[in-house]
1. What ranking of T105, T62 emerges when the number of other C-beta atoms within 10 Å of each C-beta is taken as an exposure proxy, fewest first?
2. List, in the order given, every pair from K289/K442; K33/K96; K447/K515; K33/K70; K86/K165; K289/K411 whose Cα-Cα distance in the structure shown is over 20 Å.
3. Would you work out if the range 492-540 is rounded, prolate or oblate? Take a ≥ b ≥ c from the square roots of the eigenvalues of the alpha-carbon gyration tensor; rounded if a/c is under 1.5, else prolate when a/b is larger than b/c, oblate otherwise.
4. I need the phi-derived Karplus couplings for the range 524-533: 6.51 cos²θ - 1.76 cosθ + 1.60, θ = phi - 60°, integer Hz, Gly and Pro marked x.
5. Could you calculate the contour length gain from Q268 to I303, that is, 0.36 nm times the residue separation minus the distance between their Cα atoms, to one decimal place in nm?
6. What are the radius of gyration and Dmax of the range 408-540, computed over its Cα atoms and given in Å?
7. Would you mind ranking M207, M154, M195 so that the residue whose beta carbon has the fewest other beta carbons within 10 Å leads the list?
8. Rank-order 494-501, 509-516 by packing density, defined as the average count of other C-beta atoms within 10 Å over each peptide's residues, highest first.
Amino acid sequence: MRMSNVPANCFENFSNELFYEIFDYLDGNDIFKIFSNLNYRFQHLITCSSIPFTIKFRSHTTSQFIDCCKTFIFPNRHRILSLNLKYESLINNFFKHCIIDSSFTRLQSVVLSNISINRAVILLFYLKSLPNLLSLNIRIKEEMDSDLSDIYRMIFTLPSLKYNKLSLFLDYGEEDTNISIPLAFNEQFSTIEYMVINHTCTLDNLMSVLCHTPQLHHLICDTLVEEEEFNVTNEQSIILSNLVYIRINNCHIDFDRFEMFIKKVSSQLQALCIKQKYNKAYLDANRWKRLIKNYIPNLQEFIYKYPKYKYNDYETTSLDTIFNQFISPFWVNKAWIFELQINNRVISFSIEPYRKIWFNVDGNTDNALTRFIPTSQLVISGCSSTEQNQTFIDDFKSLIIQLLPNLDSLKVSCMPIMQSAWLFGIDRDLFFQTSTNNKIRKVHLEKMIEIEQLNFLLFLCSYMQYFQVGFGKDMNLELIVRHILMKTRIYIPHLTCLHLNVQSGNEEIVHNLQKLIDNEKLLNKYTIKCIGDNIILRWN
C-alpha cells in the first residue's frame, strides 16, 4: 500500500521561539546534553543565543560533574539565572571547579541545601560578589551548635537581595538556636523585603534580625519561643515602615511580650497570622481590640489559631464570655469571624476573615444570600455515640440555643434520626420558640439519610432562603423534591433556591423534575439547571 505524499511535521521545523518556550521547562544542564550535539542549528541556538539557564544539580559522578562545570557552567556563567545545589558534597565540588564571582551577571536565585553552618558562611562570602542576586534559600543540616549569627550577618551584606529563607530542622529535640547581631555605627542595612525565618528563635533573636532589615515587607517566622533572659529594652529602636505582613506559625511567647513586639514593629501592618496555644491571655478579645486600634489600625486581615484545648479547662460560662467578646461591633465591622470547634472534648478557637463558602451557581453574587456576614461560627463534631456524649451535649445546650438567634448559616455534616425535643432536651413549645426566633437563611445538609432529617431542618429554620442537600445514589429524588416544595408554602415561605448534590447529575434528572413540577403545579416561575453533580432549582 502506497502512502500519499503528505508533508509531516518535523521536530526541526519548529521555530526558535517555540524552542525557547520549551527550554523554559528544562534544566540548563539537560538542555545542553540533549540538544548541543544534534546538529549545527541546535548547537548555535544554545551557544549563541541569550536564553537564560536554570541549573539544578542532582546526583552525578565526579567525572560527569567536573565535565559539566568545565564545558557548560563556566562558559555560560553569564546566562545562568538560578542555581540549585542539594548536598554539601555537591556544593563543595561545584565551588571547587566554578568560582562564583561578578561574572555571573544574571544569577538571581541560589538554593543551597543540607549544608553546615561553617560552610554556608564561607560560601556567602563568594555570593556577595553577585550583582543581581535577588533570592537566597539555605537549608542548614543538623548541628548541635546552632549559632546562626554569622550566617545572618553575611546574608545582610548581599547587595541586591530581596527574598531570603533560612531553614534549620533538628531531629533530636527542640532547636537551640542563637542569633546575636549588634547594630554597628554607620552599618549599611539589608535590602531584604521578604524574609522567612524557618527555624526556632527567641523574640530577642528576632528583634536582632529585624534591626538590620528596614525595607522588610513580609515576615514569616516558624517558631517563636520564650528566652531565659529577655534582653530587648525599650530603648532599642526598630523602624519597619514598610512591613505589611507577619505570620508566626507557632507562637510560644506570652501575650505581654507579643504586644511589645507588635508595638515596636510597624503601624502599617495589614495582615497578621498567628497560631498559638497554652496561653489563655490570647483569647482576650478586648485586649486584641485595644492593640489593633491603637497600634496597627491598618490591619485588614487577621488570622488567629488556638488549637486543641481540653474541655475540662473551660466552663461553659467562660465559653459564653469568649464568644460574646468576639461578636462585638468591632469584630462585626472588620468582618472577622470567630469560630469555636468542638470535637468530642477538644476545643479549638480561630479568627479568620469572612470568606464565602456557599455554592455560587453562575459565578455571580446573589445579594439576597451573601450580603450578611456572620460574626461567629460553632462547629461540633466527633460525637459518634449519643449516649456517651449526652453529658457533653447537655453542657453546651444553653450555648447552642443562645447562638441560634445570631446564626445566618447552618452546615450539618451528618445528623442522626431524632425528635427535636430529644436533641435539645426541651419541650416542643421551647423548640417552637427557638425555630421562630432564629434567623438562619442558608442551610447545608451534606448527607441526607431519611426524610425525618429534612423535616427537622425545615421546622427549625423557618426563615430559610437557600437549602443545599446531599443525596445518596439510591434515593428517590423526585419524591424528596416534591416533599420540600410542598412544605414551602406553610413552613418555609422564604425559600427560593434548592441546591441538590447528586452522585451522577444529568439532563434526564432535570427533565424528570421539570415534569414533576409542571404536572403538579408545585411552582409557577422557576429555573432549573445541572452543573456537574449539582442541580440548581430557583424560583420567585
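1. T62, T105
2. From the list (K289/K442; K33/K96; K447/K515; K33/K70; K86/K165; K289/K411), the Cα-Cα distance tops 20 Å for K289/K442; K33/K96; K447/K515; K289/K411.
3. Oblate, since a/c reaches 1.5 and b/c is not below a/b.
4. 8, 9, 7, 10, 9, 8, 10, 10, x, 9
5. Length difference between fully extended and current span is 10.9 nm.
6. Expressed in Å, the Cα Rg and Dmax of the range 408-540 come to 14.8, 45.
7. Ranked by crowding around the Cβ, least crowded first: M154, M207, M195.
8. 494-501, 509-516
Computed from the coordinates by the stated procedures, all read-outs in this text should not be read as laboratory data. In this text, all values refer to a predicted model and were calculated from it rather than measured experimentally. Please note: Cβ atoms are built from the backbone with ideal geometry, for glycine as well, and neighbour counts cover all protein chains shown.
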